[in-house]
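Asker: Here you go, one structure.
The values are calculated or read from the model by the stated rules, or taken from the named source; none is laboratory data. Please read these numbers as outputs of a predicted model, since none were measured by experiment. Backbone-built Cβ (ideal geometry, glycine too); neighbour counts: all protein chains shown. Heavy atoms of the whole protein, side chains included, go into the accessibility calculation; ligands, DNA and RNA do not. Shrake-Rupley method; radii C 1.70, N 1.55, O 1.52, S 1.80 Å.
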Amino acid sequence: MGKSSVISIISQQENEENRGSVEFQILSFTTKIRRLTSHLELHKKDFSSQRGLRKILGKRQRLLTYLSKRSRGRYKELINELAIREIKTR
């Protein structure tokens with residue numbers, strides 16, 4: 001199961017439940033980030049999109065910080081499902 005199929009499964013479940021949840025907002029920001037990143041690979045000098053990407057990254061980071069403080073288990077589960085962070089190996 002790839003990232004896109006996991007995201008589609010999560011988004012279908014969330015569409016039926018709660019669109020205002022932190023997890024759904026992080027999911028929607030992640031899809032926007034991936035779409036903008038692929039756009040910027042083709043259009044390197046699109047500075048407005050770069051600014052929009054930075055703003056969305058900041059919003060997602062704030063939501064992730066909030067979620068990690070409120071519920072560490074939900075945070076770790078979401079990070080693993082979306083493959084946002086690299087797993088630290090010591």
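Asker: In Å³ and rounded to a whole number, note down the convex hull volume per residue for the Cα atoms of the range 19-59.
Answerer: 54
Asker: Highest mean first, how do 61-67, 44-50 rank when packing is the count of other Cβ atoms within 10 Å averaged over residues?
Answerer: Going by the mean number of other Cβ atoms within 10 Å, highest first, we get 61-67, 44-50.
Asker: Would you mind checking which residues have amide H under 5 Å from Ser21's amide H? H placed 1.01 Å from N; only 5 or more apart, or other chain.
Answerer: none
Asker: Might you tell me the accessible area per residue for the range 21-82, computed with a 1.4 Å probe and given in Å²?
Answerer: In whole numbers, the range 21-82 has 67 Å² accessible per residue.
Asker: Ignoring ligands, DNA and RNA, please state the percent of accessible area on the range 21-82 from carbon and sulfur, probe 1.4 Å.
Answerer: 53
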